[in-house]
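Okay, structure first, notes after.
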Amino acid sequence: MSNKPILIVPCELNSVFFEIFFKVLKKKNFKIPLILICSLQNLKQQTEKLKFKKKIRAIDINNINYKKIDNKRLNVINVNLSKEKKKILNNENIKDYYERCFSKAFELLKMGFAKKFLNGPINKKKILDKKFNGITEFIADKFNQINTGMLIYNKKLSVSPLTTHLPLKLVSKNIKKNIIQKRLKLINSFYKENFNFNPRIAVTGLNPHCESNLKNNEDDTIIKPAIKKSKNNGIKVFGPFSADTIFLKQNRKHFDVVLGMYHDQVLSPIKILYEYDAINITMGLPFLRVSPDHGPNERMVDKNLSNPLSVMRALEFLEKN
């Protein structure tokens, strides 16, 4: 196993991330080094507030010895909350703080300091400025990657939405044959590279029951031809299937991945099936990027009731792959 670390950007200052991260560290010892990229000041405050008794090690990336980094202490690369000393935090400089945390992580990934990255949950409105549909697209843009995709991964069954955070009225306009074929190829390549097998992929239709009285029925004119072409190219793909039945037990057991046409079409059932036992992976990046499959959940802050399973699964995946 490479001793290069997993870089972790906690993201939200007001979220449950540190609570669940500390819960994970209490339950499991990870061999691969974990390095937080965040405010040292805020990290100290979080350890005190949550009564997490572990010493903190500040990492100097200009003078680093991988062999001496372990998880006996909390490793942190400091990013000051504000560029200016004693500046009162507001939305503008909190956003700037998040951007600097991500920028530092991206800089280290590009220079080969690490190959694995985890970001905590974040309120997308605070960082994306309506330029990107989601964090998946935000990170892909920073690395000039065009063919990327979201995979909500569980070892029993995963899902991938072809379109992510689009309003429903825009979904049909973004369903194209070439986009479906690219996503199927990306899923197949990702599984082959990381899990050493070619996955069985089910594709949902767009319309209810894969039917429409309209002349331009996307299921017949776009989705079926894309599936046929991909199957001819050696991908184990089947469908289109009606989204209201593909997740039934007797149906889903035949597949490893379900490719859906829009976000909630596949994320809603996967969360009902596995709840927190899933992680969000961005396929198509030059490194492994994951995040827990849930949001910052500000309402649960300070209640010590949040479930750490998704963060646990994310770190286990990065350590193993």
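Please treat every number below as a calculation from the coordinates, not as lab data. Since the structure is predicted, the reported quantities are computational estimates derived from the model, not experimental observations. Ideal geometry is used to build each Cβ from the backbone, glycine not excepted, and the neighbour counts take in all protein chains shown.
Of note:
- Prolate/oblate/rounded call for region 35-148, Cα gyration tensor, a/c under 1.5 rounded: oblate
- Net length gained if the chain between LEU50 and SER268 were fully extended (0.36 nm per residue, minus Cα distance): 75.3 nm
- The chain: DSSP helices with Cα axial extent of at least 18 Å and average Kyte-Doolittle hydropathy no lower than -0.5: none
- Efficiency of FRET from Cβ geometry, LYS130 and LYS228, R₀ 22 Å, rounded to 0.05: 0.05
- Estimated [θ] at 222 nm from DSSP helical runs (n ≥ 4, -39500 (n - 2.57)) normalised by residues in the chain, nearest 500: -10500 deg cm²/dmol
- Full extension of the chain between ASN213 and LYS253 yields a length gain of 11.3 nm, computed as 0.36 nm times the residue separation minus the alpha carbon distance.
- Taking the chain as a Gaussian network of alpha-carbon nodes connected by springs under 10 Å, the highest mean-square fluctuation of the residues LYS253, LYS115, LYS95 belongs to LYS253.
- For ILE152, net neighbour charge (Lys/Arg +1, Asp/Glu -1) across residues whose Cβ lies under 10 Å away: 0
- Each peptide among 57-66, 98-107 gets the average number of other Cβ atoms lying within 10 Å of its residues, and from highest to lowest they stand as 98-107, 57-66.
- Part-to-part distance (alpha-carbon centres) for region 184-226 and region 12-33, which is given in Å: 36 Å
- Across the cross-link table entries LYS177/LYS215; LYS4/LYS44; LYS110/LYS131; LYS116/LYS224; LYS31/LYS110, which are compared at the Cα atoms, the separations over 29 Å belong to LYS116/LYS224.
- Sites matching chymotrypsin sites (Phe, Trp or Tyr not before Pro) across region 149-208 that sit in DSSP coil, with at most 15 neighbouring C-beta atoms within 10 Å: PHE197
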